[in-house]
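The values are calculated or read from the model by the stated rules, or taken from the named source; none is laboratory data. Predicted model, so just to flag it, every value in this text is computed and none were measured. Please note: Cβ atoms are built from the backbone with ideal geometry, for glycine as well, and neighbour counts cover all protein chains shown.
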Amino acid sequence: AQSVAQPEDQVNVAEGNPLTVKCTYSVSGNPYLFWYVQYPNRGLQFLLKYITGDNLVKGSYGFEAEFNKSQTSFHLKKPSALVSDSALYFCAALTGGGNKLTFGTGTQLKVEL
Amino acid sequence: GAGVSQSPSNKVTEKGKDVELRCDPISGHTALYWYRQSLGQGLEFLIYFQGNSAPDKSGLPSDRFSAERTGGSVSTLTIQRTQQEDSAVYLCASSLNSFYGYTFGSGTRLTVV
């Protein structure tokens, strides 16, 4: 079965420090991978995606993600965290023949002063 | 419209009653998706509409759940004889092409008491 895993329920980081939110995937064929962010009482907002090409993908709000085929990972990163980055982050992969997104369980990021 | 609109934003209903949740997608988006977000369980795919094709209902958890999309635009998710385990946030999303990602609405928070 195709799946996306986010091994950490919560990540805590101090403001100004680099952050990483982990994601691994198990999909057949070429992976098409996404990161979304959800602020309280809001829908999900698109951050970035990997379809093909460069393994380092840059997205909104200074976030980037590194696609690693050998480790089947797509970790989200940011060089310097902000308190305003505190939110729930979801990794997702296109499955079902490329028709629908399968999401991980989400990682709560908490950035503290 | 400019974004995906969902109504109501909050719904409290008594166990056993039927509820209807509405989604108004972005104009021109041919694909529409319903997901359910339960606490600690990530996003669960429910149903997917693509143009005039038969919907993918593979994620509907029981026959109490149904959805329709009229005129290729507005969609209604209906839950009959609601149960307490139906309490969740129901998210709607639309897209022009799944490879571009989805645009999500803010969701409907359903509470069954």
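Structural remarks
- Taking region B:1-112 and the strands (runs of 3 or more DSSP E) fully enclosed by it, the elements with 1 or more residues that are touching a residue at least 60 places away in the same chain (Cβ under 8 Å) are at B:5-7, B:10-13, B:19-24, B:31-37, B:75-79, B:88-95, B:108-112.
- Within region A:30-58, the set of residues being more than 18 Å from B:S98 (Cβ to Cβ), at pLDDT below 90 and within 9 Å of chain B (Cβ to nearest Cβ) comprises A:N41, A:R42.
Conditions tested, residue by residue: (1) β-branched (V, I, T); (2) under 30 Å from B:G59 (Cα atoms).
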{"position": "A:S70", "(1), (2)": "no, no"}
{"position": "A:S73", "(1), (2)": "no, yes"}
{"position": "A:K77", "(1), (2)": "no, no"}
{"position": "A:V83", "(1), (2)": "yes, no"}
{"position": "A:A92", "(1), (2)": "no, yes"}
{"position": "A:T102", "(1), (2)": "yes, yes"}
{"position": "A:L109", "(1), (2)": "no, yes"}
{"position": "A:L113", "(1), (2)": "no, no"}
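- Beta carbons closer than 6 Å, at least 6 apart along the sequence or on distinct chains, pair a first residue in region A:28-44 that is surrounded by 20 or more Cβ atoms within 10 Å (Cβ to Cβ) with a second that is in a loop (DSSP other than H, G, I, E, B) for A:Y32/A:I51; A:F34/B:G101; A:G43/B:G105; A:G43/B:S106; A:G43/B:G107.
- Of residues in region A:15-29 being of a type in the set (S, T, N, Q) and more than 15 Å from A:V4 (Cβ to Cβ), the one nearest to the other protein chains (Cβ to nearest Cβ): A:T20
- Filtered by the rule that a residue be farther than 18 Å from B:T30 by Cβ, within 14 Å of another protein chain (Cβ to nearest Cβ) and either surrounded by 17 or more Cβ atoms within 10 Å (Cβ to Cβ) or among the hydrophobic types (A, V, I, L, M, F, W, C) (or both), region B:56-87 gives B:G59, B:L60.
- Filter result for the condition that a residue is among the small types (G, A, S), at pLDDT 95 or above, farther than 21 Å from A:S84 by Cα and more than 10 Å from the chain's Cα centre (by Cα), over A:A14, A:A1, A:A5: A:A5
- Subset of region A:1-14 that is assigned to a strand (DSSP E or B) and within 14 Å of A:H75 (Cα to Cα) - its residue that is nearest to the other protein chains (Cβ to nearest Cβ): A:V4
- Where strands (runs of 3 or more DSSP E) sit wholly within region A:23-97, those with at least 2 residues that are within 17 Å of A:L109 (Cβ to Cβ) occupy A:33-38, A:44-50, A:64-68, A:73-78, A:87-95.
- Conditions (1) in contact with a Leu (Cβ under 7 Å, 6 or more places away or on another chain); (2) crowded, with 18+ Cβ neighbours inside 10 Å; (3) within 14 Å of another protein chain (Cβ to nearest Cβ): number failed by B:L32: (1)
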